[in-house]
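Structure first, commentary second.
The values are calculated or read from the model by the stated rules, or taken from the named source; none is laboratory data. What you see is a predicted model; the values in this text were computed from it and never measured. We place every Cβ from the backbone using ideal geometry, glycine too, and count neighbours over all the protein chains shown. Accessible surface areas use protein heavy atoms only, side chains included; no ligands, DNA or RNA. Shrake-Rupley method; radii C 1.70, N 1.55, O 1.52, S 1.80 Å.
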Amino acid sequence: MAYLMVVQCSGRRNGFTASLMKEVVSHLSDIDNLEIEVYHLHDYRFGPCTSCFHCIRNIGSGCILDDDWGKSGNGVLYQAFKRANGLLMVDPVHGWGMSAAARVFLERIYPTNWEGTPYGMPFASISCASNQGFQYRAVEEYCKTAATKGVRYIGGLPVHLAYFDEGRRKARELGSKLAD
């Protein structure tokens, strides 16, 4: 059974970004042998890496920080990421790019790089904006970050609210590509 980790980075559960996420999950829910789990980042307590290097000195121990990523490898988010066969990040654009929640989530993947977990894992992103084109900047940031994390970036979808209906269709297409 394949396991897709969907990370919803918006604090709004029923906003535009969440609607795009729900579109993908609904579209993929009928695929046999695919388990999908959605994680609303704002439901979890975790912060940035502190560069303690515990994960490097003790490969396989996970992150030592006492939060929902760490807990010496028993954090909810850490365990979900380790189990994942694919990752979809769905993110609102704030501050002209990727959201702070998304950045911290991706930063905290660090211990798994030493363990070899993410290498080659299919990864996609959806960035939703109402500003002047910064959804494209966010997608570029996801692509660059994927290169440093060892995941295989299969694509990013920049969605502007003026083209939301088209974005919903394209979100389903990206979801299908990720599931394949």
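Taking interchain pairs and intrachain pairs at least six residues apart, which have beta carbon atoms under 7 angstrom, with the first residue in the stretch 42-55 and under 15 Å from S99 (Cα atoms) and the second open to solvent by less than 80 Å² (accessible area, probe 1.4 Å) and acidic (D, E)?
From the stretch 42-55, the pairs are F46/D67; F46/D68; G47/D67; P48/E107.
Which of the helices (runs of 4 or more DSSP H) contained wholly in the stretch 48-166 include at least 1 residues that are over 16 Å from C9 (Cα atoms) and either open to solvent by 80 Å² or more (accessible area, probe 1.4 Å) or modelled with pLDDT under 95 (or both)?
The qualifying helices (runs of 4 or more DSSP H) are 54-57, 76-83, 110-115, 134-149.
Taking K170 and the conditions (1) out of contact with any strand residue (DSSP E or B) (no Cβ under 6 Å at 6 or more places or on another chain); (2) open to solvent by 70 Å² or more (accessible area, probe 1.4 Å), which numbered condition does it fall short on, given that it satisfies the others?
(1)
Among the listed residues N14, N33, which satisfies the condition of being closer than 25 Å to F134 by Cα, modelled with pLDDT under 95 and either open to solvent by 10 Å² or more (accessible area, probe 1.4 Å) or not charged (D, E, K, R) (or both)?
Just a single option satisfies the conditions, and that option is N14.
Quick check on the stretch 105-156: of everything there that is aliphatic (A, V, I, L, M) and touching a residue at least 60 places away in the same chain (Cβ under 8 Å), which residue is farthest from K170 (Cα to Cα)?
First, the residues of the stretch 105-156 that are aliphatic (A, V, I, L, M): 106, 109, 121, 124, 126, 129, 138-139, 146-147, 151, 154.
Applying the additional criterion that residues be touching a residue at least 60 places away in the same chain (Cβ under 8 Å) yields 126, 151.
On the way: I126: 10, V151: 22 Å.
Per the stated criteria, the residue is V151.
Could you tell me whether the stretch 75-93 includes any residue that is farther than 27 Å from L28 by Cα and not acidic (D, E)?
No.
Could you tell me how many of the residues in the stretch 72-119 are of a type in the set (D, E) and in contact with a strand residue (DSSP E or B) (Cβ under 7 Å, 6 or more places away or on another chain)?
Qualifying residue count, the stretch 72-119: 1.
Checking G175 against (1) more than 30 Å from C52 (Cβ to Cβ); (2) out of contact with any His (no Cβ under 6 Å at 6 or more places or on another chain), only one condition comes out false. Which one?
(2)
Give the residue that is farthest from V6 (Cα to Cα), with candidates limited to residues of the stretch 38-47 that are out of contact with any Lys or Arg (no Cβ under 9 Å at 6 or more places or on another chain) and open to solvent by 30 Å² or more (accessible area, probe 1.4 Å).
My answer is R45.
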